[in-house]
Structure formats: structure tokens, C-alpha cells
Amino acid sequence: MKKILIVSLVLFAGKTFAQDINKIINVAEVERIEKVLASDEMQGRKTFTPGIAKASAFIEDEFKKAGLQYWKGLNSYKQEFFMFESLNASAVVKIDEQLIADTAVVAVSFQEKTSLSEKNTEVMSISATDDFRKKYSEALASKKNLLVLVDASFNSFVKRLKSRPQSKFEQPENSIVFVFGVTKANSFSVELVNKIFKKPLNNVVGVLQGKSKPNEYVIFSGHYDHLGIGKAVNNDSIYNGANDDAAGSTAVMLLARYFKALNNNERTLIFTTFTAEEIGGFGAQYFSKQFNPAQVMAMFNIEMIGTESKWGKNAAYITGYEKTDMGKILQGNLEGSQFKFYPDPYTEQNLFYRSDNATLARLGVPAHTISTSKMDNEPNYHKVSDEVSTLDLNNMTEIIKAIAISSKGIVSGKETPTRVDAGSLK
């Protein structure tokens, strides 16, 4: 099958073009990069660990070898920013003069000390018939002080929510307090004490300047963080993340080398590997704020392409396929090959909104994730068994080639995808 695909690539891409791509994007290079990023030495690439710092340094070196430029205003490939992390030290909550047990309170505040009452805080309710996760997210997105009264049917969420710190890359001034098992509050008072930590993070960003359309951007991205070290399974405690998402990061590095070698991109190409995807997509959120979205013509976010898709080899799916005509453009440039891009078959899982493309997509950018992961049956997803040995490196190589070739019209400026209707997004 692999030989058939390569022959097809030669037929429709041209002899010189195919020779170039096979020289740069090949199984040996895919394996080399994967074995570094997914090695035990990287300790699972968890955010804020020495392992992810090693991964960043490796990617930076690959970008340097590829000959990429720095993003404007930077003096390295590291796009650095800070994340604020908050741990609630104490929360004294009284509702209608009754002291609420700490086990029923989840406080989200990025102030060391704060006081809330009906004078400066609004009250919101989550009833038994509400979608808790949706309402919880809506509350967290608020810019106001909120006291959120949560029906007792959701009490099972308390322990999980209290066990994890809250993180943001901007330090909000408002505070949000969830009280479980209380449905009314005529009067209330809240006294919070929090521990605030300011932690450094970085994306890795490299640039190929466009020749005739330097202010029009095309982005190729993946995330290089993963889950780190956890509970041992069969004496293995390292979540190597070979597919999630060393695979996407590998693709980004090889695409950077490939387009640098071609040296014919009319639009500016930006290659980035994001941090902190696994804990909330913070790297992509920060990155997205550096752009006027109207100048971003397309985003290829690459996530988990190391295993065969539900259609087998030589196939991948595009999340949000129906929202723009980008998928049709890509498939059009693959005419004559055996490779096929399909619409996302797992729409009930909202993958379009769950990966690093989502921030720019919400701003109207034709930003899509390309993946092969069988989200209903991916045996190594978020497990210590996500190792290089479980990947189909031959098929993964062909996917990266297909992305390179299918994007040629967008890279050259001859094709421009339609925009996402931001008003229609959830």
C-alpha cells in the first residue's frame, strides 16, 4: 500500500517535487524525532517539569537546523509567557448566617485575599436539570464575582474539582465560589485566602517569511506537552505520549524542513508546538492572542496521527470539516493519490472545540485539526502504553506528506479557505 501511495504522489506532484519530499519526510526521520520526544528521558513532557524543558530545547534545535526565523519581537524560538496557578488555602462561607462545610465549597480565585457578599457578588444557580459541565464552564468564563449555588445531585464533582489547582495565563480580578447542596441565598458572606503561583511556560515558534504575501499567515501546529509520570502499570509509570502528541509535533518539525527546502511560500508560514494543551490549551490561547485573526488564512493543527484511522491506511479526518471549504481544497490537491481526508466521524465528542485549533476558529479562522485517532477505540490514549512501538510510522509518514502536498495551494496564496462563521460556534 505504501508503494502504491508513493507512486501516486510522484504522478500528481511531479518528479522533482516527490524526490524532495521523500528526501526530507521519510520514515527514518519520523522515527528519529519520535524516539527523542517520546523517550523516557523526557519524563512524559508534563507542563512545568524538567522533561518538557528538554523537549522544548530539542524542538528549538530542530527549528534552528531547519533555518527558521524567530517570531517578531522574540530573540529565540521560545514564546514565553506566565501561567498563574491558584490553590485555595481557606474558604469561610456563610449563607443566611449558616456556616457552610468546607467539603461543599469549591473556590476559584486568583487574589491572595478576597471578601464577597451580596453587595459585590451576583448569584447563579445550577439546577438538577442543567448540564453541569457546561454551566461550570460558563461560570468560570465570567468576569464578575459569582456565588454559584449547585444542586446536591452534582455533589460527586466536589472532590475532583477541589483536588486540582486552577490555572490561567492572565490573573483575573474576580472570584467564583461554588457551593454544593444549597439552592437559596438571601444573604451571604465569603472570606477567601489563596496561594498564588506565577509559573513560566513557553511555546516553540519558528517562521518562514512569505515572499509576496508576508502579512498573510498559514499556521502548522501540534502540542508537545503530555501527562508526565503517574501510577505504574506493569512497572511503567511514564506517559510517553508518542501519539499524543509527539506525532503532531514531529509533523510540524518535518513540514518546517520541507517548506524551507522548497523556498517558494508566498504566504508567511508559522510552525509552532504548543505547551499546556493537556491542562487547558493555554499555549494555544496565548499564541492566538498575538495575531489579528483576519491575517490568518488557515491553521493546520495536527493531533495524534500515529495510528491508523477507522478507514485504515492513507486516510485522516478533519475536525469541523463542514465549517469551511478547507477540507475540499486539501482533497483537491491530492487528486490522483490514494490518500483521502474525511469529515470528523466523532462529532458527538466535540473534537473541533477540544484541541488547539479552537481558539482561532472561534475568531473566524479556518482552523482545523487533522487526526487519525479512533476516539471510540484508541487502546493507548492517555495510557503509559502510548509508546513509539505502538505507532505505524510508515502510515504516519504518508500522512505528513499528504498534509504537505495538500496545503500547497494555501501556502502559495493561490487558494484561500472560507472563514468559520464565528457566530455559529458554541
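The values are calculated or read from the model by the stated rules, or taken from the named source; none is laboratory data. Given the structure is predicted, the values throughout are model-derived calculations rather than measurements. Note that we place each Cβ from the backbone using ideal geometry, even for glycine, and neighbour counts take in every protein chain shown.
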Of the conditions (1) under 30 Å from N394 (Cβ atoms); (2) over 21 Å from the mean Cα position of the chain (by Cα), the single one that H226 does not satisfy is (2)
Scan region 143-161 residue by residue and report those that are closer than 15 Å to N88 by Cβ and surrounded by fewer than 17 Cβ atoms within 10 Å (Cβ to Cβ).
K159, R160, L161
Filter result for the condition that a residue is touching a helix residue (DSSP H, G or I) at 6+ places or on another chain (Cβ under 6 Å) and within 28 Å of V207 (Cα to Cα), over G320, G228, G283
G320
From the list K195, K135, K159, which one is in a helix (DSSP H, G or I), in contact with a strand residue (DSSP E or B) (Cβ under 7 Å, 6 or more places away or on another chain) and not hydrophobic (A, V, I, L, M, F, W, C)?
K135
Of the residues V204, V177, which single one is within 19 Å of the chain's Cα centre (by Cα), of a type in the set (A, V, I, L, M), not in a helix (DSSP H, G or I) and not assigned by TED's automatic domain parsing to the domain that holds K64?
V204
How many residues are farther than 16 Å from K195 by Cβ and touching a residue at least 40 places away in the same chain (Cβ under 8 Å) when one looks only at region 97-125?
12
Is it the case, given these coordinates, that F63 is closer than 30 Å to V384 by Cα, in a loop (DSSP other than H, G, I, E, B), in contact (Cβ under 8 Å) with a residue 24 or more places away in the chain and assigned by TED's automatic domain parsing to the domain that holds Y258?
no
Taking the stated definitions as given, is K231 in a strand (DSSP E or B) and either among the polar types (S, T, N, Q) or touching a strand residue (DSSP E or B) at 6+ places or on another chain (Cβ under 6 Å) (or both)?
no
Within region 274-284, is even one residue of a type in the set (G, A, S) and surrounded by fewer than 24 Cβ atoms within 10 Å (Cβ to Cβ)?
yes
Only one of (1) part of a strand (DSSP E or B); (2) farther than 30 Å from Q111 by Cα; (3) of a type in the set (D, E, K, R) is not met by K260, so which one is it?
(1)
Condition check for S389: assigned to a loop (DSSP other than H, G, I, E, B), small (G, A, S) and assigned by TED's automatic domain parsing to the domain that holds I33
no
Residue that is farthest from K143 (Cα to Cα) [pool: residues in region 66-124 that are among the β-branched types (V, I, T) and in a loop (DSSP other than H, G, I, E, B)]:
I100
